[in-house]
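Contents: one structure, followed by commentary.
Throughout, read-outs are computed from the coordinates displayed, never taken from laboratory work. Owing to the predicted nature of the structure, the values given are computational and were not obtained by experimental measurement. Cβ coordinates were reconstructed from backbone atoms using ideal geometry, including for glycine residues, and neighbour counts include every protein chain displayed.
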């Protein structure tokens, strides 16, 4: 096995090819004909002036640490792509109408339970959240199937996250049982975000002074998570597609 790996095949060979493709994609941001030119008659483009070579080498060197950071994200993107592809196939088979009907049924059951257990305000809040989540599910399917990769990243993935997160969080606001699971976890997550991601530039202090994590603030928090999370997941899947198109 060690001979096979050192000879360029197996895991080591696959990683080498991935890194090469990712670095060539980086080079193509500024220079033409860099990626996938191994079997091309023209071959890889290279500059023919001294200043061009300096810029070419400098851009190549800058790309090395960037590729080192991006490649682990691409590896995670491979796993996300695996599940995303299967979800897309199911959604394509069901169609927009089918996905909307299923989302309406799922969140409709939650709404019926809310009608039995919550106050009128709680029932109406869950009903509104279910409607928004159902529309978001339909939007996710439409944008993922007809808008291309950029539209999918910007709209489809955040819409899918919203369709998943919104109704349970709204229900948690009116149910102590659900709230003990979701809202207590939200408090811990909020503290972690303030201490890490949002600690740059005093954002954590501003949020702590301006907002209290209670009531509708939970909705704002989860919406603020769902949209960037959708962008991150979509970007990692796109990165995986860039490294390994098939």
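What to note about this one:
- Rounded, prolate or oblate (a/c below 1.5 giving rounded, otherwise prolate when a/b exceeds b/c) for segment 10-129 by Cα gyration tensor: prolate
- For segment 72-243, the relative contact order works out to 31 percent when only alpha carbon pairs closer than 8 Å and six or more residues apart are counted.
- For segment 72-243: rounded, prolate or oblate by the Cα gyration tensor [a/c cutoff 1.5]: oblate
- Between the helical axis of 120-146 and the longest alpha-carbon principal axis of the chain there is an angle of about 20 degrees.
- Helix 157-174 axis, angle to the chain major axis (alpha carbon atoms, nearest 10°): 30 degrees
- For the residues 148, 201, 98, a GNM of the chain with alpha-carbon springs under 10 Å puts the largest fluctuation on 201.
- Taking other C-beta atoms within 10 angstrom as a stand-in for reagent exposure, 56, 83 fall in the order 83, 56, fewest first.
- The fewest-to-most ranking of 18, 88, 180 by surrounding Cβ atoms within 10 Å reads 180, 88, 18.
- Angle of helix 50-117 to the longest C-alpha principal axis of the chain, folded into 0 to 90 degrees and rounded to 10: 30°.
- Most mobile listed residue (173, 193, 70) in the chain, GNM with C-alpha springs under 10 Å: 193
- Fluctuation leader among 107, 26, 45 - the chain, Gaussian network, Cα springs under 10 angstrom: 45
- Only helical runs count toward this figure. For the chain, summing -39,500 (n - 2.57) over DSSP H runs of n ≥ 4 and dividing by all residues gives -28000 deg cm²/dmol at 222 nm.
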